[in-house]
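The values are calculated or read from the model by the stated rules, or taken from the named source; none is laboratory data. None of the values given here were measured: they were computed from a predicted structure. Positions of Cβ are generated from backbone atoms using ideal geometry, with glycine treated the same way; all protein chains shown enter the neighbour counts. The area values use the complete protein model at the heavy-atom level, side chains included, leaving out ligands, DNA and RNA. Shrake-Rupley method; radii C 1.70, N 1.55, O 1.52, S 1.80 Å.
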Number of protein chains: 2
Amino acid sequence: MLEDKNQERTSLEELGEFGLIEHLTKNFKLNQPSSLIGVGDDAAVMDYEGKKTIVSTDMLVEGVHFDLSYMPLKHLGYKSVMVNLSDIYAMNAMATQVTVSLAISNRFPLEALEEFYEGVALACKLYNVDLVGGDTTSSTRGMIVSVTALGAANENDIVYRKGSRPNDLLVVTGDLGGAYLGLQVLKREKEVFKVNPNSQPDLEPYSYIVERQLKPEARKDIVDLLKKLEVKPTSMIDISDGLSSEVMHLCKHSEVGCNVFEDKIPLDPTVISASEEFKMDSTMIAMSGGEDYELLFTIDQADFPKIKGNPNLTVIGHMTEKSEGVHLITRAETKIPITAQGWNSFNENQ
Amino acid sequence: MLEDKNQERTSLEELGEFGLIEHLTKNFKLNQPSSLIGVGDDAAVMDYEGKKTIVSTDMLVEGVHFDLSYMPLKHLGYKSVMVNLSDIYAMNAMATQVTVSLAISNRFPLEALEEFYEGVALACKLYNVDLVGGDTTSSTRGMIVSVTALGAANENDIVYRKGSRPNDLLVVTGDLGGAYLGLQVLKREKEVFKVNPNSQPDLEPYSYIVERQLKPEARKDIVDLLKKLEVKPTSMIDISDGLSSEVMHLCKHSEVGCNVFEDKIPLDPTVISASEEFKMDSTMIAMSGGEDYELLFTIDQADFPKIKGNPNLTVIGHMTEKSEGVHLITRAETKIPITAQGWNSFNENQ
């Protein structure tokens, strides 16, 4: 007897557009005091009680930003939210709500979307944000995710890309390069799998960097930490495209120059060993890799004692006069001009 | 000598992701007092000064929601904004900001995106909303637009889908069915063009319905009008999917029934003549066509004198007890149950 392989797959046509949204969002509760009305009307209603509203939006495209052959849908849901929360935290604000829109082809059964929303739900729960809206529609091919995050902050707490001054210290959170190398490991395993579908990949030695790629964490904890340490950065940005391009953004908006010291860039031991394995330069990866979702900020030198020794924060350089330019000071004490080599979505994936 | 056909086409790779966003948004000014910081940082910052914040988001997919062979990019930019503003007005709120995200394949030159943003700019100008953010990325195929609209309202002014009571009057703005028939005309011309590329379509007799499809207008004027007339609807929704499904939404959320009178449904003469030409039933088109972006709302009977005779507003029915169900009363006085036959994006475009 032939087995019905689709027995646990519910087609999207059965549910229809309205049924689908209702089904996928029915278990999302509103927890933020500012969320008055969520999914289910023409629009959501929020009340920030005198605080400023912060908004950020990002789009993720299958085949460009993610590959479902190694990105589980639950992770994709989680990461889609993280990417946006990261932008809100980079303003030194607290994220409060998200809207999640999806375009998907009919090759996805309902169960796949449920998995995606499980990831969204987990992100919302862990980061205490409410899902308050979204749109679900069909695509002719592939999956596209668009997330908008809303946040709140007191006016005086908000930190912009501009505001940095010469002699400010340049600080980065966590460590860099892991997400990019994690992607290289996953891509390599995919190629091995193509040649030998029976191969069992041993990702154990790479678990840290693979997790950095598949399940990045936005640095909400840093916004809390800075408040606790009573440090307000003079400028801040999140690292989505690689250290180089983020340093360039801060310098451009603040009209300053910068010296970044190669030997100060924080690298996890796994990043160093995987770089060697892939015959890549670990500094280059940290500078250009992207997707680490760490925060990069500048502080007044007077605040240095407050952050000194904190394991989450590493001083990697200092700002200079604009005329001095933007440079990487290598271990050999050579001065190399930094150019934006961040991930450029229009060059790749032709 | 061979002509370089691409002489006025600037490739997106030349500009890169950052240059592109900057280029496309550089002429957008912030006009809303609530827009503090727009495009250019990790997120936008808004201040609604005690008013509630309203948020809505929608995604438009090439090949599903639009066909670039008859939808000029400028119109697409305009319509993408309208679709979202319409949701904000349906809450009886004023739209204040939008974010616009685009995924596009490299087949589009910069000039095409500029055209799209011209439409966005025109919509923003005419409806007095600010573009404050967005994302521009590549897609493996086709174009996807995701817009999020933000608005503001005093708590007491907000109108939801719920709130309607038995005996309330059901009111619709403008007229219905035009957008759907406009699409039929455009589709027919496309087929004619395929057979004979030299044919010159005469769209003049169809200009009203073609414009309803290509350049819909969200009913901001109605929010102003209702305020002026001192009428606060008991429930409201915008007509994006056709009258049937919107009536069903109001009834479901308000837990009431409804009688809609076929002979009261407002139809433009062009809709009636085009329906005959296409051998389609004009009532069916108004009920199921969608994309008219009119507003559908209910009012207390006591408010009827305030709206009576207004050329923008037509009473098309009344709400009943839930147990009486949702019905269309035909010209022949037959009672037909209304079922949601709105446009279902998962059934079409397989």
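Does B:L76 meet the test of being open to solvent by less than 10 Å² (accessible area, probe 1.4 Å), without any contact (Cβ under 8 Å) to a residue 60 or more places away in the chain and farther than 25 Å from A:I158 by Cβ?
When the stated conditions are applied, B:L76 does not pass them.
Just checking, how many residues over the stretch A:289-332 are among the small types (G, A, S) and surrounded by 19 or more Cβ atoms within 10 Å (Cβ to Cβ)?
Qualifying residue count for the region: 3.
Suppose we filter A:V120, A:V98, A:V159 for residues that are assigned to a loop (DSSP other than H, G, I, E, B), under 22 Å from A:I239 (Cα atoms), more than 9 Å from chain B (Cβ to nearest Cβ) and of a type in the set (A, V, I, L, M); which single one remains?
A:V159
Among the listed residues A:V210, A:V185, which satisfies the condition of being of a type in the set (V, I, T) and touching a residue at least 40 places away in the same chain (Cβ under 8 Å)?
A:V185
How many of the residues making up the stretch A:54-70 are under 23 Å from A:I21 (Cβ atoms) and surrounded by fewer than 19 Cβ atoms within 10 Å (Cβ to Cβ)?
Within the stretch A:54-70, residues that are under 23 Å from A:I21 (Cβ atoms) and surrounded by fewer than 19 Cβ atoms within 10 Å (Cβ to Cβ) number 1.
Let me confirm something: among A:L68, A:L76, A:L60, which residue is farther than 29 Å from B:Y48 by Cα, within 13 Å of another protein chain (Cβ to nearest Cβ) and under 16 Å from the mean Cα position of the chain (by Cα)?
None of the other options fit; the residue is A:L60.
When the stretch A:107-142 is examined, which residues are found to be touching an Asp or Glu at 6+ places or on another chain (Cβ under 9 Å), open to solvent by 30 Å² or more (accessible area, probe 1.4 Å) and within 19 Å of A:K79 (Cβ to Cβ)?
Within the stretch A:107-142, A:L126 is the sole residue that qualifies.
Scan the stretch B:135-149 and give yes if some residue there is among the acidic types (D, E) and more than 11 Å from every other protein chain (Cβ to nearest Cβ), otherwise no.
no
When the residues of the stretch B:79-95 are narrowed to those that are over 24 Å from B:L203 (Cβ atoms) and small (G, A, S), which ends up nearest to the other protein chains (Cβ to nearest Cβ)?
If we take residues in the stretch B:79-95 being over 24 Å from B:L203 (Cβ atoms) and small (G, A, S), then B:A90 is nearest to the other protein chains (Cβ to nearest Cβ).
Looking for something of a type outside the set (G, A, S), modelled with pLDDT under 90 and surrounded by fewer than 18 Cβ atoms within 10 Å (Cβ to Cβ) - is there at least one such residue anywhere in the stretch A:39-53?
yes
Report, ordered by the first and then the second residue, all pairs with beta carbons closer than 9 Å, sequence separation of six or more or different chains, a first member in the stretch A:298-314 that is hydroxyl-bearing (S, T, Y), and a second member that is part of a helix (DSSP H, G or I).
Close Cβ pairs (under 9 Å, with a partner that is part of a helix (DSSP H, G or I)) amount to A:T298/A:L250; A:T298/A:S254; A:T314/A:K264.
Just to be sure, is A:K228 open to solvent by 30 Å² or more (accessible area, probe 1.4 Å), closer than 30 Å to A:S323 by Cβ and more than 15 Å from the chain's Cα centre (by Cα)?
Judged against the criteria, A:K228 is not a match.
Just to verify a result, which residue in the stretch B:162-180, among those that are within 14 Å of another protein chain (Cβ to nearest Cβ) and open to solvent by 30 Å² or more (accessible area, probe 1.4 Å), is nearest to B:D292 (Cα to Cα)?
B:K162
All but one of (1) more than 24 Å from A:G50 (Cα to Cα); (2) at pLDDT 95 or above hold for B:A93; state the number of the condition that does not hold.
(1)
Of the conditions (1) outside the structural domain of B:E230 (by TED's automatic domain parsing); (2) part of a loop (DSSP other than H, G, I, E, B); (3) touching a Leu at 6+ places or on another chain (Cβ under 8 Å), B:R141 clears all except one; give me its number.
Evaluating B:R141 over (1) outside the structural domain of B:E230 (by TED's automatic domain parsing); (2) part of a loop (DSSP other than H, G, I, E, B); (3) touching a Leu at 6+ places or on another chain (Cβ under 8 Å) leaves (3) as the failure.
Read through the list (1) assigned by TED's automatic domain parsing to the domain that holds B:E22; (2) open to solvent by 10 Å² or more (accessible area, probe 1.4 Å); (3) closer than 30 Å to A:I54 by Cβ, then give the number of the only condition that B:V147 fails.
Against the list (1) assigned by TED's automatic domain parsing to the domain that holds B:E22; (2) open to solvent by 10 Å² or more (accessible area, probe 1.4 Å); (3) closer than 30 Å to A:I54 by Cβ, B:V147 comes up short only on (2).
When residues of the stretch B:20-57 are filtered for being at the interface with chain A (Cβ under 8 Å from one of its Cβ atoms) and in a helix (DSSP H, G or I), how many remain?
1
Checking A:V132 against (1) modelled with pLDDT under 95; (2) part of a loop (DSSP other than H, G, I, E, B), which test does it fail?
Among (1) modelled with pLDDT under 95; (2) part of a loop (DSSP other than H, G, I, E, B), A:V132 violates only (2).
Of all residues being under 17 Å from B:D300 (Cα atoms), in a loop (DSSP other than H, G, I, E, B) and not hydroxyl-bearing (S, T, Y) in the stretch B:197-255, which is farthest from the other protein chains (Cβ to nearest Cβ)? Just the residue, please.
Here the residue is B:E230.
Could you give me the residue pairs with C-beta distances under 9 Å whose first residue belongs to the stretch A:18-35 and is over 16 Å from A:A103 (Cα atoms) and of a type in the set (D, E, K, R), whose second residue is open to solvent by less than 30 Å² (accessible area, probe 1.4 Å) and modelled with pLDDT of 85 or more wherever it lies, and which are 6+ apart or on separate chains?
A:K29/A:G38; A:K29/A:D130
Being polar (S, T, N, Q) and at positive phi is the filter here, so list the residues in the stretch B:102-151 that pass it.
Result: B:N128, single match.
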